[in-house]
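To start, the structure itself, in structure tokens.
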Amino acid sequence: MIKVKLINTDYKIYSDAIENSINNFSKSGAIIKDSRNVIKSYELDKVAFNIKSFKVPNIFNAFIYSNIRSSKAERSYKFAQKLLKLGINTPNPVAYFEFKNSFFLKSSYYVSEQLDYDFTIREVIKDCNFKNRIQLLKMFSRFTYKLHENNINYLDHSPGNTLIKVNGEEYEFYLIDLNRMQFKEMSFEDRMQNFNRLTNDSTVIEIFSREYAILFNQDFDLVFNMMQSYSQRFISSREKTKKIKSFFKIQKS
């Protein structure tokens, strides 16, 4: 088995402890998330880390990630570094590990410093009575505009992937789940489509649109209509996918 590892030089003193945690991942750590990917927290010498174990890929992707394309762990680590250089907050990248044989990726892990955040943008979108809700939604629209101006197309721009930390009277926005990004000049259509996973609530879309239209010097109605259209298309596509999956589950049972 071939082991590939890259550890941020700022965290070299934790190298052995991190590697030991990964080698014993199934038996150690506190579970934060246990679904397709597993995330666990560890405290090593009074510093808290999160380790994300990516789902073992199918045989096709295992070959691709080993020979042609960077693994999700490597992309998460390198994209985090790039975001920080561009002034976009994300939990500090610590390391990534890959285990592979001559042809196939077997497993991969991304390590980041744990961020003690207060809430996500999901709570703000969902709760009409959330404190400073309109201000936060406007700030989120500005945060997304900043991504776009830095040529970042964040393909997993969904409500649970922006963490918000309260720092005194300031709100700080952090991106997580970083392995799906494109770095390219963002067209107007790209920008509007990038809001499509966030909500289909027209009131929230209106707040996003009004703020973005000012920043982008664009007509509000055009921004709102296009943003809402992309959101509706995404919801419709997702519902169709659910129905198809449900149909095949019934056929198998």
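From the list LEU155, LEU105, LEU147, the one residue that fits, being assigned by TED's automatic domain parsing to the domain that holds ARG75 and either under 13 Å from the mean Cα position of the chain (by Cα) or surrounded by 16 or more Cβ atoms within 10 Å (Cβ to Cβ) (or both), is LEU105. Within region 7-35, no residue that is touching a residue at least 40 places away in the same chain (Cβ under 8 Å) and in the same structural domain as ASN50 (by TED's automatic domain parsing) sits with its Cβ atom under 6 Å from a residue that is among the aliphatic types (A, V, I, L, M) and surrounded by fewer than 11 Cβ atoms within 10 Å (Cβ to Cβ) at 6+ positions apart or across chains.
Residues checked against (1) touching a His at 6+ places or on another chain (Cβ under 9 Å); (2) in a strand (DSSP E or B); (3) in contact (Cβ under 8 Å) with a residue 40 or more places away in the chain; (4) not β-branched (Val, Ile, Thr):
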site: PHE140; (1), (2), (3), (4): no, no, yes, yes
site: HIS148; (1), (2), (3), (4): no, no, yes, yes
site: GLU172; (1), (2), (3), (4): no, yes, yes, yes
site: ASN200; (1), (2), (3), (4): no, no, no, yes
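For region 1-54, taking the residues that are more than 24 Å from TYR117 (Cβ to Cβ) and in a loop (DSSP other than H, G, I, E, B), the one that is nearest to the chain's Cα centre (by Cα) is identified as ASN24. Taken together, the criteria exclude MET192 from residues that are in contact with a strand residue (DSSP E or B) (Cβ under 7 Å, 6 or more places away or on another chain), touching a residue at least 12 places away in the same chain (Cβ under 8 Å) and either of a type in the set (D, E, K, R) or more than 29 Å from ASP116 (Cα to Cα) (or both).
The values are calculated or read from the model by the stated rules, or taken from the named source; none is laboratory data. Note that the structure is predicted; figures quoted are calculated from it, not measured. So basically every Cβ, Gly included, is an ideal-geometry build from the backbone, and we count neighbours across all protein chains shown.
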